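Working notes, beginning with the structure itself.
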Amino acid sequence: MTSLVQHITVDCSDAYELARFWAQVLGASVSDDDEPGDPEALVETPAAALLFVTVPEPKRAKNRVHLDVRPDDRTRDEEVERLLGLGATLVADHRKPNGRGWATLADPEGNEFCVECGTAERAALTGTRLPVTADDVTLAVRLAADTLAASHDQDWRIPAGGLTWDCWETVEHLVDDLFAYAVQLGPRTPPQDREVPFRYTPDREGGPANSVFADPAAGTAGLLQTLEAAGALLTAMVRTTPSDVRSHHVFGLSDPEGFAAMGVVETLVHTHDVAAGLSLPWTPPQDLCDRVLARLFPDAPDDEDRWTVLLWSTGRADLPGRDRVTSWKWHGAPL
């Protein structure tokens with residue numbers, strides 16, 4: 001038998017006002033059920049739930065338990081300045097000249113918390129690669145769906161770039177890839193020597209062999225909805241599967257990060273194929289390309305445009321001074 005942490009509960013003088021401060025810190029919102037003057041106020045995020053409770057006693061000493069926060073999209077020092085602007089105060093500065101360390105702040109009621117370096121900043125300091133995450137899967141799928149939605153009224157039965165599949169089939173194949181990677185992580189004991197035994201079959205001779213097909217009657221809007229749904233499945237499985245889990249892939253056993261990276265690569269390059277067929281511009285973020293290259297193609301050139309290198313690594317582009325790739329596979333094993 002085990003217990004789960006339901007909330008991190010903070011005693012305070014004004015639950016709603018302190019909850020508003022922490023909602024801004026965490027990019028969340030105070031529960032719709034809570035109002036000013038209520039004795040309790042809840043702030044929920046994907047990573048934690050903070051419950052603020054009004055009590056009559058004042059804070060008298062340093063907290064024995066505190067929160068450590070790290071920014072997602074800015075540096076530690078930029079986050080410190082943002083939080084000071086929200087009403088926090090600087091209690092102690094433990095930042096070091098080499099970029100390491102942390103700052104201890106207090107919220108408007110004096111509860112101490114620390115601001116540390118974010119993942120990207122920490123990786124730069126230590127010289128390590130940035131991991132591919134569930135959020136990367138979400139980002140790639142959303143960018144792809146938004147890009148392809150611009151051509152919802154075109155004929156999607158035309159070839160997808162240099163593929164023998166048409167644009168509809170290529171997105172369907174991508175949906176099936178994302179689904180397949182998600183379900184490989186699903187069983188309590190993931191298979192080590194085969195795929196989870198769904199039935200794969202092509203819709204036509206020469207078409208992709210899928211387990212998942214979109215209803216043509218739903219049109220391209222429905223097709224893109226299946227893309228978002230399959231992406232959400234993979235995101236959820238990557239986010240909730242322990243990092244030490246291993247499951248079968250045709251290129252070897254992989255871990256949740258590996259399946260996330262595979263899903264991102266499939267999304268980026270197949271969106272490239274479809275965008276070429278539909279004459280749409282498509283250039284994904286350089287940092288996203290860099291993360292999946294470091295995870296799945298660790299020997300890829302590191303001195304060229306990252307999107308071009310990813311296209312070259314998957315046989316879709318040329319690189320000056322290098323032979324075109326005609327046969328490729330990624331490195332799925334954990335690094």
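The values are calculated or read from the model by the stated rules, or taken from the named source; none is laboratory data. A quick note: this is a predicted structure, and the numbers were derived from the prediction, not measured. Counting neighbours? That spans all protein chains shown, and the Cβs are built from the backbone with ideal geometry, glycine included. Just so you know, the surface numbers come from the protein's heavy atoms only, side chains and all, with ligands and any DNA or RNA stripped out. Shrake-Rupley method; radii C 1.70, N 1.55, O 1.52, S 1.80 Å.
Within the bounds of segment 252-261, is there any residue that is under 18 Å from residue 194 (Cα atoms) and surrounded by fewer than 21 Cβ atoms within 10 Å (Cβ to Cβ)?
Restricting attention to segment 252-261, the residues satisfying the condition of being under 18 Å from residue 194 (Cα atoms) are 252-256, 258-259.
Right, trim to surrounded by fewer than 21 Cβ atoms within 10 Å (Cβ to Cβ) and you get 252-253.
Yes: segment 252-261 contains one or more residues that are under 18 Å from residue 194 (Cα atoms) and surrounded by fewer than 21 Cβ atoms within 10 Å (Cβ to Cβ).
Can you tell me which residue in segment 45-63 is modelled with the highest pLDDT, limited to those that are within 30 Å of residue 239 (Cα to Cα) and in a loop (DSSP other than H, G, I, E, B)?
Out of the qualifying residues, it is 45.
Considering only segment 45-81, how many residues are open to solvent by 70 Å² or more (accessible area, probe 1.4 Å) and farther than 15 Å from residue 110 by Cβ?
From segment 45-81, those open to solvent by 70 Å² or more (accessible area, probe 1.4 Å) are 46-47, 56-60, 62, 64-66, 68, 70, 72-74, 78, 81; that's our starting set.
Still in the list and also farther than 15 Å from residue 110 by Cβ: 46-47, 56, 68, 70, 72-74, 78, 81.
The qualifying residues number 10.
Pull up segment 302-318, narrow it to residues that are more than 26 Å from residue 256 (Cβ to Cβ) and at pLDDT below 95, then point me to the one that is surrounded by the most Cβ atoms within 10 Å (Cβ to Cβ).
Among those residues, the one meeting the criterion is 304.
Going through segment 71-86 one residue at a time, which ones are among the charged types (D, E, K, R) and at pLDDT 95 or above? Give the steps one after another, and end with the answer.
Taking segment 71-86 as the starting set, the residues that turn out to be among the charged types (D, E, K, R) are 72-74, 76-79, 81-82.
Listed by number, the residues that qualify are 76, 77, 78, 79, 81, 82.
Filter segment 1-44 down to the residues that are assigned to a strand (DSSP E or B), open to solvent by 70 Å² or more (accessible area, probe 1.4 Å) and out of contact with any Leu (no Cβ under 7 Å at 6 or more places or on another chain) and list them by number.
Keep residues of segment 1-44 that are assigned to a strand (DSSP E or B), which gives 8-12, 30, 40-44.
Remaining after also requiring open to solvent by 70 Å² or more (accessible area, probe 1.4 Å): 9, 11, 40, 44.
Once the filter is applied, which keeps residues that are assigned to a strand (DSSP E or B), open to solvent by 70 Å² or more (accessible area, probe 1.4 Å) and out of contact with any Leu (no Cβ under 7 Å at 6 or more places or on another chain), segment 1-44 yields 11, 44.
For segment 284-296, give me each residue that is open to solvent by 20 Å² or more (accessible area, probe 1.4 Å) and hydrophobic (A, V, I, L, M, F, W, C). Even if it seems obvious, please write down each step before you answer.
Taking segment 284-296 first, the residues open to solvent by 20 Å² or more (accessible area, probe 1.4 Å) are 285-287, 290-291, 294.
Hit for segment 284-296 is 294, nothing else.
Being part of a loop (DSSP other than H, G, I, E, B), open to solvent by less than 80 Å² (accessible area, probe 1.4 Å) and touching a Lys or Arg at 6+ places or on another chain (Cβ under 6 Å) is true for just one of 99, 110. Which residue is that? Break it down into steps so the answer makes sense when it comes.
On the way: 99 fails: touching a Lys or Arg at 6+ places or on another chain (Cβ under 6 Å).
Answer to the check: 110.
Could you check residue 312 against (1) in a helix (DSSP H, G or I); (2) under 23 Å from the mean Cα position of the chain (by Cα) and say which number it fails?
(2)
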